[in-house]
Amino acid sequence: MRILVLANVPPDAVGGAEVQAWQLARHWAGAGHEVTVAGYANLPRLEAGVSVVRIATWRASRVTRAASYALSTARLLWRRRRSVDLVYCRFLGEHALVASAARFAGVLKAPVVACPACASAQGDVAILRRSPLFALMRALLMRGLTGVNAISTRIADEVGGLGFPARSVARIPNGVDVPDDLPTRPPGEVLKLLFVGRLVHQKGVDVLLEALARLPESGSGLELRIVGDGPLRAELTALAARLRLSQRVRFDGGLPPESMARAYREADALVLPSRYEGMPGVVLEAIAQGLPVVATEVSGSEDIVEPGVGWVVPPDDPEALTRALSEAIAAGPDGLRRKGRAAHRLALERYHMARVAQQNLDWFEALLARPRQLGTGDPGQ
């Protein structure tokens with residue numbers, strides 16, 4: 001199969017959608033398919049059997065960038081119209097809109113699928129709805145897309161709310177590479193919590209610090225390691241000091257990918273108090289490494305974190321997060337390891353990247369057997 005992926009996959013990509021697009025492309029190429037990834041932020045290269053190309057844009061302003069991206073992408077699709085079997089778009093945005101327009105106009109005959117990457121107020125569907133051109137863009141997607149993959153329950157609901165037929169929406173989650181064996185975690189006297197992510201409002205680190213400050217004195221046997229950087233680092237460091245948490249909270253900044261496995265191995269549990277997500281890669285990475293998770297009820301996390309593998313609480317609720325952290329402390333090392341083993345089994349059974357990549361390929365084969373637009377019925381699911 002010849003697959004064209006419209007996504008940004010720069011070599012230093014850390015965003016969940018970009019990492020997922022690259023990992024999927026790598027696995028598809030490893031399975032013997034011809035894969036090209038095109039995006040405006042890409043560094044042209046041939047890596048892991050994947051051809052990465054850059055879509056030229058003129059970035060003088062938002063208007064010129066959007067217009068030049070659309071023209072360059074349309075030109076790419078025209079040039080490759082006879083050498084592509086399927087177009088895969090990460091995000092339900094400009095990639096999907098341009099490819100849908102090309103298919104609607106007859107420039108492209110290959111099926112086009114899209115994968116929204118986020119939900120709620122900052123999600124793909126919400127961003128579309130806020131546009132003054134919403135009705136036009138929705139009609140274009142309905143006529144041009146062959147299928148949509150919803151990586152989470154919440155995204156599936158939002159896509160369904162746009163009017164896309166349920167049978168046209170696949171439910172394939174994000175994936176993660178999962179080691180066969182769990183790392184050994186020596187018992188320690190201090191419960192080591194780990195946060196991984198950008199230090200931005202979305203991730204809710206301020207709520208996490210407030211929750212830690214509410215813990216009773218028994219919480220003094222707890223440490224939080226914050227891995228990641230961002231514009232709120234100074235503000236969050238000052239907040240930790242005001243809450244008298246400086247001795248229990250460590251800001252480590254960003255770590256290179258090769259150091260992350262060790263960070264997970266050294267922790268007892270992951271905490272991700274996000275305000276919104278799509279399907280957070282750090283939760284998948286944590287369960288792959290056998291870590292229980294304390295997360296918020298947001299897209300993706302609420303699907304992954306079952307009762308046996310961790311705790312979920314409402315977002316923006318420090319009191320509820322404090323209760324969950326107290327339960328994690330009460331579980332003790334043995335209880336957390338039991339949840340960690342269950343988390344690892346879940347990762348192997350449901351989220352292993354090899355399995356997820358193959359599920360996508362099976363879906364693509366079904367679409368190729370009967371490629372129709374979303375607006376005209378069942379696309380082959």
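Readers should treat all values here as calculations from the given coordinates under stated rules, not as data from a laboratory. Everything numeric in this text was worked out from a predicted model, so none of it was measured. Counting neighbours? That spans all protein chains shown, and the Cβs are built from the backbone with ideal geometry, glycine included.
Report, to one decimal in Å, the Kirkwood hydrodynamic radius for the stretch 191-351 based on all distinct Cα pairs.
Numbers: mean 1/r = 0.0652 Å⁻¹.
Evaluated over the stretch 191-351, this radius sits at 15.3 Å.
Measuring nothing but alpha carbons in the stretch 192-270 and taking Rh as the Kirkwood radius, the Rg to Rh ratio lands at 0.95.
Annotation for the stretch 220-294 versus the stretch 54-92: alpha-carbon center distance of 36 Å.
Just checking the listed ones, Asn42, Asn149, Asn174: in the Gaussian network model of the chain with Cα springs under 10 Å, the one fluctuating most is Asn42. Among the trypsin sites (Lys or Arg not before Pro) found in the stretch 76-135, those both in a DSSP coil and sparsely packed, with 15 or fewer other Cβ atoms within 10 Å of their Cβ, are Arg81, Arg82, Lys109. Considering the values (i) 26.0; (ii) 20.8; (iii) 21.7, which represents Kirkwood radius over Cα pairs in Å as calculated for the structure under consideration? For Kirkwood radius over Cα pairs in Å, the calculated option is (iii).
Restricting attention to the chain, close to 10% of DSSP beta bridges with both partner residues there are antiparallel. When all alpha-carbon pairs of the stretch 1-88 are counted, what percent fall beyond 15 Å? More than 15 Å apart: 58 percent of the Cα pairs in the stretch 1-88.
Proximity of backbone amide H atoms, modeled 1.01 Å from N, is registered between Ile172 and Ala150 at under 5 Å, excluding neighbours fewer than 5 places apart on the same chain.
Comparing Leu236, Leu272, Leu193 in a Gaussian network model of the chain where C-alpha atoms under 10 Å apart are linked, the largest mean-square fluctuation is found at Leu236.
Taking label positions 7 Å along the Cα-Cβ direction at both Ala41 and Leu245, the computed distance is 2.8 nm, reported to one decimal.
Give me the extension gain from Glu349 to Ala66: residue separation times 0.36 nm, minus the current Cα-Cα distance, reported in nm with one decimal. Intermediate values should be presented prior to the final figure.
On the way: separation 283, 0.36 × 283 = 101.88 nm, distance 4.06 nm.
Net length gain for the segment: 97.8 nm.
Please report the antiparallel percentage of DSSP beta bridges with both residues in the stretch 191-351, rounded to the nearest 5.
Details: 1 of 20 bridges.
If we restrict to bridges inside the stretch 191-351, about 5 percent are antiparallel.
Among Asp334, Asp317, Asp177, the order by Cβ neighbours within 10 angstrom, fewest to most, reads Asp334, Asp177, Asp317. Each principal axis of the Cα cloud of the stretch 26-173 was taken in turn, and the coordinate range along them, longest first, works out to 39, 39, 28 Å.
Across all Cα atoms of the stretch 140-214, the radius of gyration (one decimal) and Dmax (whole number) stand at 19.9, 59 Å. For Gly290, the residues whose modelled amide H falls within less than 5 Å of its own, excluding neighbours fewer than 5 places apart on the same chain, are His344. Amide H to amide H distances under 5 Å link Asp177 with Met353, where only residues 5 or more positions off or on other chains count and H is placed in the peptide plane.
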